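Have a look at the structure below, then the notes.
Computed from the coordinates by the stated procedures, all read-outs in this text should not be read as laboratory data. The model shown is predicted, which means the values in this text are computed figures rather than measured ones. Ideal geometry is used to build each Cβ from the backbone, glycine not excepted, and the neighbour counts take in all protein chains shown.
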Amino acid sequence: MTITRRPAPPLFSQLDVSSSTHSQPALSAREEQVELLREMLAAQDRTNELLEELANTVAATHKQRANELNQWRSAHPALASACREAAESLTRVQIDFLDRMTEEINDTSDDMADGEFLLNEFIDRYGPRLAHLNGVIQVLAQLSSVPNPANTQHG
């Protein structure tokens, strides 16, 4: 059996680093830079177009939602008023809840930092209630809020 060896490619290639007076490589590098800058500009233009499309989509969605809320408020004025009163009442409840919660945090913060059990118990006790209370208040506030004329103009 004969093993034929292929010549291995050189590990290092030669590079001429001597100074030259040829202006052609400098122009090539400059042309390359100009081309890269053009590509970057084209990419930035495309990014701007996409951001503009995204902003228009978000604005259209927001406008549609505002119109739907205004129609709902017009169809149910008494309920919208009741939602406002309920949101104000729940906001007072939320303030009391936050007051009790922060008092407990301040009283037991060292113990919670030292023991994972107390921290988990605290989170289990206050976290879900706070999240749900905030969600309910937000819904009631949206349903009862007075529309902003600047946001609901038809264009």
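Regarding segment 27-75, what whole-number volume in Å³ per residue does the convex hull of its Cα atoms give?
27
Rg/Rh for segment 48-155: what does it come to with C-alpha atoms and Rh from Kirkwood?
1.18
Where nothing but the Cβ of Lys and Arg (+1) and of Asp and Glu (-1) is charged, how large is the charge dipole of segment 78-155 around its Cα centre, in debye to the nearest 20? Write down the numbers at each step before the final one.
Details: 5 positive and 13 negative charges, 162 e Å.
Computed about the Cα centre, the dipole is about 780 debye.
What order do you get for PHE117, PHE97 when you list them from fewest to most C-beta neighbours inside 10 Å? Please report the intermediate quantities before stating the final value.
On the way: PHE117 10, PHE97 15.
Listing PHE117, PHE97 from fewest to most nearby Cβ atoms yields PHE117, PHE97.
Which order, highest average first, do 73-82, 31-40 follow once you tally other Cβ atoms within 10 Å for each residue and take the mean per peptide?
Descending mean neighbour count gives 73-82, 31-40.
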